[in-house]
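The next block holds one structure in the form of structure tokens; read it before the comments.
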Amino acid sequence: MKQRVVAMVGSLQEMYPVTCASAVFGYHGPDIPEHYDFTLCAEHPGPIRTTMGVDIIVERGLEALAEADTLLIAGWSSPVTVSPGLGAAVLAAHARGMRIMAVACGIYVPATLGLLDGRTAAAHWELTADLAVRFPRMRPDASVLYVDHGDVATAGATATTIDLCLNQVRREHGAALAMRIGRQLAAAPHREGCQRQYPELPTTGPVPDSLAPLLDWITANLDRPLTIEDMAARSGLSCRTFSRHFADQLGISPGRWLLDRRIARARALLEETDLSVETIAQRVGLSSAVNLRRRFHNTLNTTPAAYRRSFR
């Protein structure tokens, strides 16, 4: 049975996060399994004004939440007011197990309903001060892309919607499917939630125009014993300068980024092939089954064999 993803839109809706979610949870052709149904709803169905200057027609109202497996609150205009009817519908659906994903100003809905009390939430840097005042029991964090608590996930900037949605696919159906969808969308390599929302202002000195060519090269050569020295040489920088610029732009060290890519590739191979753990370790550059098992457990708190049983 397909999982039902409902995007709730509001007045003066920004369409980018809606279309990003639709791209991830929508139809991808006959070669990629269909696990999701995607639809829109609104508290007041009918014409909804968008930031594009045109209206969209939304046919479904809050009754859609009664059958939703996931609710995406997709970056409403600020400020967001949660009416009693909307609040009651969201709380009732959440109580029966519906997952909530809130992007940008959409965070005000779960925050108002107390669903983020005592929790850290990814927040847009322009909203953190207001959120801290209005919801003192929540910890807004503008330094990360997204935070996923399982029942509630938040993303700060609308550009991270694809990352947040692919994260859900990966949680529910494995890394291989998430990577296939990401490749079809030509999305950048999956970004972990702990990565920075936006780069700091560049410092003086030789800053690369973009890390994309380097990241593509690393991804294509994961089977090699890559080092920080190799990556720095490829970038034409000293190791120290390269590490600093890499962390400035991605909010994560080169070594951690490389390990994350190796683990992601290992997960896909465990899901899609019958290769031995030893062979997979060599293909992803982790040298041995012992090293792969150790890294895998440290990252995912499970073993490669148990992971394969779960997702095959």
- Rounded to the nearest 0.05, what FRET efficiency is calculated for residue 274 and residue 126 with R0 set to 35 Å and r the Cβ-Cβ distance? 0.10
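Compute the relative contact order of region 200-312 as a whole-number percentage, counting only Cα pairs closer than 8 Å that sit 6 or more residues apart in sequence.
23
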- What percent do you get for the relative contact order of the chain when only Cα pairs under 8 Å and 6+ apart count? 12
- Message: In 20 Å bins starting at zero, report the fraction of Cα pairs in the chain per bin as a rounded %.
- Response: 30, 55, 15
- So which chymotrypsin sites (Phe, Trp or Tyr not before Pro) in region 89-174 end up in coil per DSSP with only 15 or fewer other C-beta atoms within 10 Å? 125
- Query: Counting DSSP beta bridges with both partners in region 3-184, what percentage is antiparallel, nearest 5?
  - Reply: 25
- Task: Take the Cα atoms of region 3-184, find their three principal axes, and give me the spread along each one in whole Å, biggest first.
- Result: 48, 35, 34
- Could you work out Rg/(2.2 N^0.38 Å) for region 1-87, with Rg from alpha carbons only? 1.11
- Counting only DSSP beta bridges with both residues in the chain, what percent are antiparallel, rounded to the nearest 5? 25
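Computed from the coordinates by the stated procedures, all read-outs in this text should not be read as laboratory data. Worth saying up front: this structure is predicted, and the values here are computed from it rather than measured. Cβ: placed from backbone, ideal geometry, glycine included. Neighbour counts: every protein chain shown.
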